Amino acid sequence: MPFTIAIDGPAASGKGTLARALATHFGFAHLDTGLLYRAVGAMGGDPIDAAQRLQPSDLQRSDLRSAEAGQAASRVAAIPEVRAALLEFQRRFAATEPGAVLDGRDIGTVICPDAEVKLYVTASDTIRARRRALELGADEAQMLRELRERDARDAVRDVAPMKPAADAVTLDTSDMSIDDAIAKAVEIVERVRA
Ligand SMILES: Nc1ncnc2c1ncn2[C@@H]1O[C@H](COP(=O)(O)OP(=O)(O)O)[C@@H](O)[C@H]1O
Ligand SMILES: Nc1ccn([C@@H]2O[C@H](COP(=O)(O)OP(=O)(O)O)[C@@H](O)[C@H]2O)c(=O)n1
């Protein structure tokens, strides 16, 4: 039986950091599902067509981490046909790996509703903006506006909106160092695996 860890939460809350650390700690495979939407947004043209033609090599583009790519991702992510085109790949990843960590917005609610562990990672928007500004070398106030706009769009869309699954454990990392957050996440997973 595969063991799946679902990690959701708003932009720059620390999902990817925790997902990578958990994958390393437990020897699991990791899928950053945001990259799929970022790649579709960056491909240009008709987003539905882009999602249907998406190849693993499209995820290797070097421009996917930018704030602009994040905004473009959030716009194409609201299109139901784009989400439908990406769903099977994500589910298959979780089902075929003996242990898998997926991070995104709808992993615990839509992609892997039966995941053994569901984390909803949050932090205050000002702290998230500061972290992302530091990461990208960008202006903090601009990052705050960008994150708020993207979170609002992700939370209100009709299909697979960003929200915690009913059975998710919320981890607020506002006052946690990266090491503290990783230790807490490992502890939550270990409690389930025991
Ligand atoms: N607990 C934390 N304390 C300080 N910085 C953090 C923490 N968690 C993550 N970061 C940093 O914040 C930025 C965003 O984290 P990331 O894991 O990419 O978030 P997400 O995947 O949710 O967008 C990265 O630069 C990361 O190193
Ligand atoms: N499972 C997912 C993952 C990302 N996304 C969309 O893709 C965008 C980029 O996601 P991301 O996880 O790479 O963004 P960050 O949280 O790293 O800033 C999000 O703002 C969402 O609109 C989604 O809708 N569903």
Inset, instruction - Could you tell me whether any residue of the stretch 68-75 is buried (at least 20 other Cβ atoms within 10 Å of the Cβ), of a type in the set (Asp, Glu) and within 17 Å of the chain's Cα centre (by Cα)? - result: no
Inset, instruction - Could you please find all residues in the stretch 165-180 being farther than 21 Å from Gly70 by Cβ and open to solvent by less than 90 Å² (accessible area, probe 1.4 Å)? - result: Ala165, Ala168, Val169, Thr170, Leu171, Asp172, Met176, Ser177, Asp180
Inset, instruction - Kindly list the number of the only condition in (1) without any contact (Cβ under 8 Å) to a residue 60 or more places away in the chain; (2) in contact with an Asp or Glu (Cβ under 8 Å, 6 or more places away or on another chain) that fails for Val121. - result: (1)
Legend entry - Any pair with Cβ under 7 angstrom, 6 or more apart, that starts in the stretch 139-167 at a residue that is under 22 Å from Val82 (Cβ atoms) and ends at one that is among the polar types (S, T, N, Q) and surrounded by 14 or more Cβ atoms within 10 Å (Cβ to Cβ): Glu146/Gln71; Arg150/Gln71; Arg150/Ser74; Arg153/Ser74; Asp154/Ser74; Ala160/Thr109; Lys163/Thr109; Ala165/Thr109
Legend entry - Residues being within 12 Å of ligand 1 (Cβ to nearest atom), within 17 Å of the chain's Cα centre (by Cα) and open to solvent by 50 Å² or more (accessible area, probe 1.4 Å) - total across the stretch 111-160: 2
Inset, instruction - Scan Ala85, Ala21, Ala51 and give me the residue that is in contact with an Asp or Glu (Cβ under 8 Å, 6 or more places away or on another chain) and surrounded by 15 or more Cβ atoms within 10 Å (Cβ to Cβ). - result: Ala51
Legend entry - Residue ID - farthest from ligand 1 (Cβ to nearest atom), chosen from residues in the stretch 1-18 that are surrounded by 23 or more Cβ atoms within 10 Å (Cβ to Cβ) and not in a loop (DSSP other than H, G, I, E, B): Thr4
Inset, instruction - Keeping to the stretch 89-123, report how many residues are farther than 19 Å from Phe26 by Cβ and part of a loop (DSSP other than H, G, I, E, B). - result: 4
Inset, instruction - Quick one: count up the residues across the stretch 145-170 that are part of a helix (DSSP H, G or I) and either aromatic (Phe, Trp, Tyr) or within 13 Å of ligand 2 (Cβ to nearest atom) (or both). - result: 11
Inset, instruction - Just need a number here: residues in the stretch 88-110 that are surrounded by fewer than 21 Cβ atoms within 10 Å (Cβ to Cβ) and of a type in the set (A, V, I, L, M, F, W, C). - result: 4
Inset, instruction - Quickly run through the stretch 171-184 and pick out the residues that are away from ligand 2 (no atom under 16 Å from the Cβ) and not in a loop (DSSP other than H, G, I, E, B). - result: Asp179, Asp180, Ile182, Ala183, Lys184
Inset, instruction - Would you mind telling me which numbered condition in (1) within 14 Å of ligand 2 (Cβ to nearest atom); (2) under 17 Å from the mean Cα position of the chain (by Cα); (3) open to solvent by 20 Å² or more (accessible area, probe 1.4 Å); (4) among the aliphatic types (A, V, I, L, M) Ala29 fails? - result: (1)
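The values are calculated or read from the model by the stated rules, or taken from the named source; none is laboratory data. Predicted, not measured: the structure shown is a model, and the values here were computed from it. Using ideal geometry, Cβ is built from the backbone for each residue, glycine included, and neighbour counts are taken over all protein chains shown. The area values use the complete protein model at the heavy-atom level, side chains included, leaving out ligands, DNA and RNA. Shrake-Rupley method; radii C 1.70, N 1.55, O 1.52, S 1.80 Å.
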